[in-house]
Amino acid sequence: MKPKLETRDINLSFGSKHVLKDINIQIPEKRIVALIGPSGCGKSTLLRCMNRMHDLNPDAHVKGDIFLDGENIYSSDYDVVGVRRKIGMVFQRPNPFPKSIFNNIAYGLRINKLAEKKEIPNVVEESLKGSYLWDEVKDSLDSSALSLSGGQQQRLCIARAIAIRPEVILMDEPTSALDPISTGKVEELMVELKKEFTIVIVTHSMQQARRISDHVGFMYLGDLAEYGPTERVFTNPQNELTEKYISGSFG
Ligand code: ADP
Ligand code: MG
């Protein structure tokens, strides 16, 4: 099967610090890929390469290519705004805009001209249903998003991400700031979302990676030390470091 997203020999340095080393990873379509590994090994940095988030950082030097459906998103004629539309991102701390629940979602639709004015309420409703938040907020769409709980805010950020119909969603430790019940809801949501979207998630939780991912990549000091089907990596790791990490002997 052709990968949805593929990195080829990605190297990244911040100034003189070499943070990613020849990363080659293939992300299959409509699957969840989890990136695990000790702090500082480059997981977030790799995730951010995947939608060119480092473009604005003059210290970040990226070499190599990333293909989305076979097209190089790092080629000079690829539309960068289009990259962010096709490859959305959800961050560790929920970061809703200081706007109403409704406008958190409507805003991106308006500025990207993705829906006719009269269509916007429908898309907002669909997106909130898609992130399993609708029943909790349908009577308070005009309330500030900041009045929601942390778990609700994160599901709102996911609704905002899916509203613009990306193809890939990158999530950087999306549940690390959430309580166990909210975490469970967001995990269920991710499994549901992979019917339509390709998901790459960074997680510190081995249990989470095992519960929800189809493939797992273990990163260590800027290398992709191991990558394979989740069950295989957890039951029969090929790299001694992976085994040590998942058995909890370091990290
Ligand atoms: P992880 O997500 O695996 O914890 P990161 O990708 O955040 O790791 O960081 C990898 C390395 O790159 C770390 O040594 C970190 O200090 C460094 N780093 C991350 N972002 C920047 C930046 N904007 N400028 C300089 N160094 C950075
Ligand atoms: Mg990180």
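Every number in this text was worked out from the coordinates using simple rules, so none of it is lab data. Given the structure is predicted, the values throughout are model-derived calculations rather than measurements. Positions of Cβ are generated from backbone atoms using ideal geometry, with glycine treated the same way; all protein chains shown enter the neighbour counts.
For the reader, a short list of remarks on this structure follows.
A quick yes/no check of all residues on (1) basic (K, R); (2) surrounded by 19 or more Cβ atoms within 10 Å (Cβ to Cβ):
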{"residue": "S131", "(1), (2)": "no, yes"}
{"residue": "K138", "(1), (2)": "yes, no"}
{"residue": "S144", "(1), (2)": "no, no"}
{"residue": "C157", "(1), (2)": "no, yes"}
{"residue": "A161", "(1), (2)": "no, yes"}
{"residue": "I169", "(1), (2)": "no, yes"}
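- Selection status of K117, over 18 Å from the mean Cα position of the chain (by Cα) and more than 14 Å from ligand 1 (Cβ to nearest atom): yes
- For S249, the conditions (1) touching a residue at least 12 places away in the same chain (Cβ under 8 Å); (2) more than 16 Å from ligand 1 (Cβ to nearest atom); (3) assigned to a loop (DSSP other than H, G, I, E, B) are fulfilled apart from (1).
- Summed over the range 170-181, residues that are touching a Ser or Thr at 6+ places or on another chain (Cβ under 7 Å) and either part of a loop (DSSP other than H, G, I, E, B) or away from ligand 2 (no atom under 13 Å from the Cβ) (or both) total 2.
- Of all residues in the range 214-237, those that are free of Cβ contacts under 8 Å to residues at least 24 places away in the same chain have Cβ atoms under 8 Å from Cβ atoms of residues that are polar (S, T, N, Q), 6 or more apart or on another chain, in E226/Q238; E226/N239; E226/T242; G228/Q238; V233/T242.
- Residues of the range 183-207 that turn out to be touching a Phe, Trp or Tyr at 6+ places or on another chain (Cβ under 9 Å) and either among the acidic types (D, E) or without any contact (Cβ under 8 Å) to a residue 12 or more places away in the chain (or both), as a count: 2
- Pairs meeting the criteria (first residue in the range 168-182 and in contact (Cβ under 8 Å) with a residue 12 or more places away in the chain and within 28 Å of V83 (Cβ to Cβ), second residue basic (K, R) and within 16 Å of ligand 2 (Cβ to nearest atom), beta carbons under 6 Å, at least 6 apart or on different chains) are A177/R93.
- Test: residue in the range 68-87 that is away from ligand 1 (no atom under 12 Å from the Cβ), β-branched (V, I, T) and touching a residue at least 60 places away in the same chain (Cβ under 8 Å): yes
- Residue within the range 5-16 that is within 23 Å of Q208 (Cα to Cα) and surrounded by 15 or more Cβ atoms within 10 Å (Cβ to Cβ) present: yes
- Residue, nearest to G217 (Cα to Cα), within the range 29-48, restricted to residues that are within 10 Å of ligand 2 (Cβ to nearest atom) and of a type in the set (A, V, I, L, M, F, W, C): L35
- Residues of the range 67-93 classified as within 15 Å of I169 (Cβ to Cβ) and assigned to a loop (DSSP other than H, G, I, E, B), total: 2
- Every residue from the range 215-243 that is surrounded by 21 or more Cβ atoms within 10 Å (Cβ to Cβ) and among the basic types (K, R): none
- Filter result for P58 (touching a residue at least 40 places away in the same chain (Cβ under 8 Å) and either away from ligand 1 (no atom under 16 Å from the Cβ) or not in a strand (DSSP E or B) (or both)): no
- Test: residue in the range 29-51 that is without any contact (Cβ under 8 Å) to a residue 24 or more places away in the chain, under 16 Å from the mean Cα position of the chain (by Cα) and away from ligand 1 (no atom under 12 Å from the Cβ): no
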